[in-house]
1. Determine the sum of side-chain charges near Gln66: Lys and Arg each +1, Asp and Glu each -1, restricted to other residues whose C-beta is under 14 angstrom from that of Gln66.
2. Residue-wise, which Karplus ³J(HN,Hα) couplings in Hz belong to region 83-95, taking 6.51 cos²θ - 1.76 cosθ + 1.60, θ = phi - 60°, and x for glycine or proline?
Amino acid sequence: MLEELIKIASLSCGILSIAGDNGSRNVLDAFFLRKAVAEAFNERIESTIGEFLSVVGRLQAEQQKQVQDFQEKVLERAKRAKEQAAREALEAQRLIPKSTSLSTSMGTKADTNSCIKKEIHGQNVVIKRSNI
């Protein structure tokens, strides 16, 4: 880059010495100044646009990931709801036993302290059972 500036400076000095008078020198100075400003301005614009597009791309990728995560959650929730509905339908038709799990409480007799835990409409319900 430094070599290029030296070449430009020597070239402009040669042109200026050929031009001779002060008026032509001012015109050439203004030309090269405008050219340098335009080049620097274009570089700055290109850099800014590149950074902007990079940020937009990153944000778009993050948004796409969030949408994909949301879709996966919705599909998983739908799958669980479908399985639960199918299970309840089979239980209602008595094709499979009701989904219960036995749990024993701490006590002297496990049979008298046993209870049935069942999920009804998304709520856990505990039914105590006694041996009569």
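The numbers here are math on the coordinates, done by the rules we state, and not lab data. Quick caveat: nothing in here was measured; it's all calculated off a predicted structure. Positions of Cβ are generated from backbone atoms using ideal geometry, with glycine treated the same way; all protein chains shown enter the neighbour counts.
1. Once all neighbours under 14 Å are counted, the net charge is 0.
2. 4, 5, 5, 5, 4, 5, 5, 5, 5, 5, 8, 6, 7
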